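Values quoted throughout were computed directly from the atomic coordinates according to the rules given, and no laboratory measurement underlies them. Keep in mind that what you see is a predicted model, and the values were worked out from it rather than measured. Cβ: placed from backbone, ideal geometry, glycine included. Neighbour counts: every protein chain shown.
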């Protein structure tokens, strides 16, 4: 029985993991600094309420966290394509390459193994500390960059809008482990969200400085159609006491400008190079 079969046979897992045979592994990327995109999974179990990927993939947001598709043949296809497709590979451009299923299925790890053999360069972004498992491969790559997404240092605040993702306390430890291993590492600080990011700004800043990361990218919350309503529902369920405050600031440009300016100053004072995302 394969890893995927065993995973699917366990029962009681949510969301459901389904097998998918893909026709290609690499696709062109329009993201800055990336030439190619590689996504071993379709959709994402982290179920972040503010996720932009459903809009790009034209999947109804309420379906994005259900029926995760595992591209079981992607590593085999990748081994063939790397010989004729060259450039920096963006791993996880529209889904997290280290979502929960990866702990069992190892599709991302197998792709990294192929890229090591091909001498490829990779830039990956994740919300999971599982990436630390693959430090051995990342250290062997021609060039490797890892970004970890964090928008608060408080686990309970992160859980309001990121119910399926590992808590930031684990992600911060992963950042430190990657830095200590000599892997090119940055933090994607975003999206900045009212009552989440500003719940303890100084604590967040101190936590980032303590990781010894030297690069942070910042992005504000950009509302898409229906997103505010979903975020309102999530906060009503998980943090009703902060709902009114959230609603008063969620569409306030001044809030984002002030918070981002403060973060930039404080992080720069801590020796971190700060840039705007996208």
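Structure summary
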item	result
Gain in span if fully extended, residue 269 to residue 237, counting 0.36 nm per residue against the direct Cα distance	7.8 nm
Mean separation of Cα contacts under 8 Å (6+ apart) over length of region 12-276, as relative contact order %	16
Principal axis dimensions, region 44-191 - Cα atoms, whole angstrom, descending	43, 36, 25
Between 0 and 90°, nearest 10: helix 107-118 axis offset from the chain longest Cα axis	60
Between region 158-182 and region 41-79, the Cα center-to-center distance that results, in Å	20
Residues in region 187-208 reached by a label modelled at residue 31 [backbone nitrogen below 18 Å; 7 Å Cα→Cβ]	187-192
Net lengthening on full extension, residue 155/residue 117 (0.36 nm per residue, minus Cα-Cα)	9.9 nm
DSSP bridge pairs, the chain: antiparallel proportion in percent, nearest 5	15
Folded to 0 to 90 degrees: helix 227-238 orientation relative to the chain principal axis, Cα	80
Inter-label distance, nm, simple model (7 Å from Cα along the C-beta direction), residue 262/residue 177	3.2
Per-residue [θ]222 nm for the chain (sum of -39500 (n - 2.57) over DSSP H runs n ≥ 4, rounded to 500)	-11000 deg cm²/dmol
Relative exposure of 21, 145, judged by other C-beta atoms within 10 Å (fewest first)	21, 145
135, 17 arranged by Cβ crowding within 10 Å, fewest neighbours leading	135, 17
Highest-MSF residue in the chain out of 96, 136, 67 [GNM, Cα springs under 10 Å]	136
Ranked list, fewest to most other Cβ atoms within 10 Å of each Cβ, for 115, 141	141, 115
Calculated SAXS-style log₁₀ I(q)/I(0) at q = 0.08, 0.11, 0.15, 0.16 Å⁻¹ - the chain, Debye, Cα scatterers	-0.33, -0.63, -1.17, -1.32
Gain upon complete extension [residue 210, residue 245; 0.36 nm per residue less C-alpha separation]	9.6 nm
Helix 201-211 axis, angle to the chain major axis (alpha carbon atoms, nearest 10°)	40
